[in-house]
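This report concerns only the one structure given below.
Every read-out reported here was derived from the displayed coordinates using simple, explicitly stated rules and does not represent laboratory data. Predicted, not measured: the structure shown is a model, and the values here were computed from it. Cβ coordinates were reconstructed from backbone atoms using ideal geometry, including for glycine residues, and neighbour counts include every protein chain displayed.
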Amino acid sequence: MNRQVALTLLLLLVLRAEAERLPYLSLADAAAQRTVAVSAWAQGLGPDNLLCTLTNLTDQPLGVRVPPGLHFAAGNPDLQDLLTFQEKMLVLAPHARSTVRLWGFCMEQHDHAPSGNAAYALRGAAGRDLQPLGDSLQKYPGLASYYGQMFVWSVTDHEELRDISVEPALVRGATNIMRYLSRVTGRAAGRVKSSLDHRPSVRTFTKRVFVTYHSPVSQVTSLKVFGADGCERYTVAPRWVLAPGVMRYAIGLNAIVGIDEQPSFLVRLLDQHGQVLQETQVTDATPEIDVAPTRQAFAFTFSLDKPVRNAYLRMRLPDGTLVEELKKLPFLPAGNHQYNWTFFHVRPAGTPFVARLETADGALLREQALPAVTPPPAR
C-alpha cells in the first residue's frame, strides 16, 4: 500500500469516527435554527419524486436526521403539498451540500400533482394526525408503496378507506394503521386481506382537467365533481361569480380507485338553481389538453338618428342564440359611432357571429356580421 492510499484511508477513518460522535439534529430543527438551508423540487407521483438539497451553513460538520412525517409546501398554490415518510441520516461537512431523494405523498387531493420540477419549501413537521402515520409508513414501506396515498388523503381530504390486500407479514401493521385512521378521521376502516400475489387492490387516479366555458351573461355558478353513479363527490367552487366571456379553469381530479376499476367522473358547471350549464366526462383516456379561445377583433360601426338609452352590444349566432353580452351602453347620442372590440370564443372553426346593438328587451337597433376565423391549435 503506497503512502497516498494509506493517508486517504486514515482520513476516511477519522471522518467516520467524527461522524459517529456527532449528534444528529432533526432537519426541521436545523432549518429553524438556520444551520442548514433546504431547497426542494418535486415532479410527479411515486418513489423519489421529491429532490431535497441540504446545505451546511456552519463551519462545523453536522449530523442531520431527515425524519418521517415532514411537510413540504408547494410554491405554486395550485399544486398539492407533500408529506414524506422516509428517514435519512447524513453528515454534512462544513459548508457542504448533499441531496437526498424522498417519496412525497400529496396532501391536497383537489389540487394538481407536482410536475415540471415544481419548487417546494420545508414547512416542518406535519400535523399531529399525519405525524404518527409518517412513522408507520417508515416502519412498513411495503404498505407505503401501495396504500400510502390513500392513507394520507383519508386524513387530509376524508378519502374513503377502501379494503386492501397485503402480504401476510404486513396484515398486523396494516390493520393497526386502518384502526388509527378510522379513529382520527371518523371514517370506517377498510378490511385487510392477506394475499400472496403481491398485487395492490387500489391505485391512484390523477388527471389535470381543463374546464372552458363561455358565459353569455353575468351569473352565479358552482363547479362540482360527480361519480359515474351521479352522486356528488366534492365541490371545487361552491359560489363562482362569472362575468360575460370565456372562463378557463384547471382542476386536479384525483381519487383512489380499484386496481381493475375503469373510473369515470363528471365535472359539472351548475347555475344557481342547480341546472347543468356544462358537463365534462373524465376517464383514464381523457387527454389533458387546454384549449385556448379564438381571438377575433372587429370594429362595430353604426349611426343613430336620435339618442338611445340603455342599449346593449351583444354577440349572437345567426339563429339568435346569445353568445355574450359584450357591453351595456347607458346613453348613446345621435350621430355616428364606432366600437373597436376584441371578442373571444370557443366555438368550432368557421362559426359565424352577428354583433347586434339592441334594446334591453332585445329589439334590434343595428347589426353587423363578423367573418369566421380559424381558432389556434390546442396546447
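Length available on full extension from Gln60 to Val291: 0.36 nm per residue minus the Cα-Cα distance, which gives 77.7 nm. Remark: relative contact order (region 19-126) = 35 percent; criterion is Cα-Cα distance under 8 angstrom and separation of 6 or more residues. Can you figure out the FRET efficiency of Ser303 with Gln275, using R₀ = 51 Å and their beta-carbon distance, to the nearest 0.05? Computed FRET efficiency for Ser303 and Gln275: 0.80.
Once the Cβ-Cβ distance of Arg233 and Asn310 is raised to the sixth power relative to R0 = 45 Å, the FRET efficiency obtained is 0.55. For the chain, a Gaussian network of Cα nodes joined below 10 Å ranks Val282, Val211, Val241 by mean-square fluctuation, and the top entry is Val241. Taking the DSSP beta bridges with both ends in the chain, the antiparallel portion is around 95 percent. Top mean-square fluctuation among Leu170, Leu322, Leu102, Gaussian network model of the chain, C-alpha springs under 10 Å? Among Leu170, Leu322, Leu102, the largest GNM mean-square fluctuation belongs to Leu322.
Could you list the residues of region 216-252 with an amide nitrogen less than 13 Å from a label point located 7 Å from the Cα of Ser264 in the Cα-to-C-beta direction? Once the point is set 7 Å along Cα→Cβ of Ser264, 227-231 turn out to lie under 13 Å by backbone N, inside region 216-252.
Specify the residue with the greatest mean-square fluctuation among Ala174, Ala30, Ala285, computed from a Gaussian network of the chain linking alpha-carbon atoms under 10 Å apart. Of Ala174, Ala30, Ala285, the Gaussian network model singles out Ala285 as fluctuating most.
Long hydrophobic helices in the chain, taken as whole DSSP H segments with a C-alpha length of 24 Å or more on their own axis and mean Kyte-Doolittle hydropathy at least -1.0: 3-21. Packing around the peptides 263-270, 362-369, taken as the average count of other Cβ atoms within 10 Å per residue, puts them in this order, highest first: 263-270, 362-369.
In order along region 25-34, phi translates into HN-Hα couplings of 8, 4, 4, 4, 5, 4, 5, 5, 7, 6 Hz, rounded to whole numbers, per the Karplus curve 6.51 cos²θ - 1.76 cosθ + 1.60 with θ = phi - 60° and x for Gly and Pro. Net length available on complete extension from Trp240 to His198 is 10.6 nm, with 0.36 nm assigned per residue and the Cα-Cα distance removed. Answer with a single label: of (1) 25.3; (2) 21.6; (3) 21.0, which was calculated as Kirkwood radius over Cα pairs in Å from the structure in view? This structure yields the entry labelled (1). A Förster radius of 25 Å combined with the Cβ-Cβ distance from Asp129 to Tyr249 puts the calculated FRET efficiency at roughly 0.25.
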